[in-house]
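Report on the structure given below.
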Amino acid sequence: MTSSNDVRATFLDYFARNGHAVVESSPLVPRNDPTLLFTNSGMVQFKNVFTGAEKRPYNRATTAQKCVRAGGKHNDLDNVGYTARHHTFFEMLGNFSFGDYFKEQAITHAWTLLTKDFALPKEKLLVTVYHEDEDAAALWKKIAGLPDEKIIRIATSDNFWRMGDTGPCGPCSEIFYDHGEAIPGGPPGSPEEDGDRFIEIWNLVFMQYEEGPPGTRRPLPRPSIDTGMGMERFTAILQGVHDNYDTDTFRALILASAEATGQDPDGPFRASHRVVADHLRSGAFLIAEGVLPSNEGRGYVLRRILRRAMRHAHMMGARDPLLPRLVPVLIRQMGAAYPELVRAEALTTETLRLEETRFRSLLERGLGLLAEETAKLGEGQPLSGEVAFRLYDTFGFPLDLTQDALRSEGRPVDTAGFETAMQEQRRRARAAWSGTGDAATESLWFDLKEKLGTGTEFQGYNTERAEASIL
Ligand code: ATP
Ligand code: MG
Ligand code: MG
Ligand code: MG
């Protein structure tokens, strides 16, 4: 069987043979972009190379990039456990051309790698192009020999990529794999596309314009290529399974979670095992880079991820902390490719143990309150924002944890009410601080408090704001 590690190696090797420098994954905490919470695609470390602000000793590169999508523009947290294809942490395999080759070669490389080196059957593949991108449509026809109905034109921003409000941009082309009729879902662009039958595996971005002030766009003198392939999605195909969570790395984690909890991996707690496996990966990779759970910014995103996993562990009846028990399994699967996991093993295990131990009693009490409150509500009636806020403020329940807890009963949370309760709390805190009446001192104090937090455990409302301002 082709292992995840083989997939990564074959991809990098193909592009190395084709003149690409194999560049290491950049850290999850971006070094070159303070506005970005976590690295969420392969191109992040090359942003300045694409704009020309930075020069590298190569003009073609290939990477296996660690990515986290758990906040900001790309937030896949709510999908995890419920779709076959989303993770909070995943690896994006990519090839990049910095003003070197363009569309024709990018499409040729992708098609050759997929259908020759990985020997995927051509009939299973289809692509999308931006509706105005005639070049791409013609190239797919010429290079891949795809019939017109498998070159789908899409008019939405899904197929037009922008680095920011200004700067490099261009159309993109997504490659999909058809997992077969047995799985619900329709082709991209169709009303049923949200199913998991047609899975996007690879995104090719053709950077060909530079956008200036609104309405102005000029062709880039040296167009560039940025691509991203989801390694886990691709591995699933090669391992003959539909679902990412049935691939080697995830299966090992899920089986370990099943053994530790005594719950059937494919039984009623299927989604919980998946959430635990996924969140453990993000948790371990973030901690290995020195991100620690906290009430601020990145640390709070990590805490949200871990607490969410802990609720699932708790539901499965885990008495001792579950996440630390899975760390050796993750290291066995991924430690060779990512030695930072091995180096940080002790720190990771201890951090997970501490977080889980500290949160346990609050979690139990909070879940008790939640059960009491929902018992008072009619079917499908939303949980009030005020209760969601109490859970947050007193029991350390991130909003998404509460939402996830109510998901199976189809009960929404009044998020606007939650927001109001949060504002109200802030207003009261300000009012209570009548202090010296010296407005300048007061605002200084509040600014400091917002920046540093108060050091108490659940002043999460400060951090939500801090986070909101980052996202
Ligand atoms: P989708 O539409 O399925 O959410 P996307 O268009 O948001 O994917 P891109 O931003 O194009 O994804 O990222 C490039 C590739 O990375 C995708 O083609 C996919 O294979 C993979 N990918 C994206 N998001 C995830 C995720 N949350 N988990 C696993 N793989 C992902
Ligand atoms: Mg997406
Ligand atoms: Mg997409
Ligand atoms: Mg895409």
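Taking the range 111-141 as the range and being closer than 23 Å to THR156 by Cα, in contact (Cβ under 8 Å) with a residue 24 or more places away in the chain and open to solvent by less than 20 Å² (accessible area, probe 1.4 Å) as the test, the residues that pass are LEU125, LEU126, VAL127, THR128, VAL129, ASP133, ALA136, TRP140. Say we look at the range 144-157 and pick out the residues that are more than 16 Å from ligand 3 (Cβ to nearest atom) and part of a loop (DSSP other than H, G, I, E, B); which of these is least open to solvent (accessible area, probe 1.4 Å)? Within the range 144-157, the match that is least open to solvent (accessible area, probe 1.4 Å) is LEU146. Of everything in the range 80-105, what is within 24 Å of LEU126 (Cα to Cα) and either of a type in the set (Val, Ile, Thr) or within 14 Å of ligand 1 (Cβ to nearest atom) (or both)? Give them in sequence order. Those that are within 24 Å of LEU126 (Cα to Cα) and either of a type in the set (Val, Ile, Thr) or within 14 Å of ligand 1 (Cβ to nearest atom) (or both): THR83, ALA84, ARG85, HIS86, HIS87, PHE90, GLU91, MET92, LEU93, GLY94, ASN95, PHE96. For the range 158-262, the strands (runs of 3 or more DSSP E) that sit wholly inside it and include 1 or more residues that are basic (Lys, Arg) are 160-162, 217-230.
Filtered by the rule that a residue be open to solvent by less than 80 Å² (accessible area, probe 1.4 Å), over 10 Å from PRO324 (Cα atoms) and among the polar types (S, T, N, Q), the range 345-361 gives a lone residue, SER361. Of ASP133, ASP117, all but one fail to be away from ligand 4 (no atom under 14 Å from the Cβ) and either modelled with pLDDT under 95 or more than 20 Å from PRO219 (Cα to Cα) (or both); the exception is ASP117.
Kindly establish whether ARG162 is open to solvent by 60 Å² or more (accessible area, probe 1.4 Å) and within 16 Å of ligand 3 (Cβ to nearest atom). Yes, satisfied. Contact map, the range 63-75: residues that are of a type in the set (Ser, Thr, Tyr) and open to solvent by less than 10 Å² (accessible area, probe 1.4 Å) paired with residues that are within 16 Å of ligand 4 (Cβ to nearest atom) and not in a strand (DSSP E or B), Cβ distance under 8 Å, separation 6+ or inter-chain. Pairs shown: THR63/GLY42. Every listed requirement among (1) within 19 Å of GLU123 (Cβ to Cβ); (2) more than 15 Å from ligand 3 (Cβ to nearest atom); (3) open to solvent by 30 Å² or more (accessible area, probe 1.4 Å) is met by ARG197 save one, (2).
The values are calculated or read from the model by the stated rules, or taken from the named source; none is laboratory data. In this text, all values refer to a predicted model and were calculated from it rather than measured experimentally. With ideal geometry, Cβ positions are generated from the backbone for all residues, glycine too; neighbour counts draw on all protein chains shown. Please note that ligands, DNA and RNA were not included when accessible areas were found on the heavy atoms of the full protein model with its side chains. Shrake-Rupley method; radii C 1.70, N 1.55, O 1.52, S 1.80 Å.
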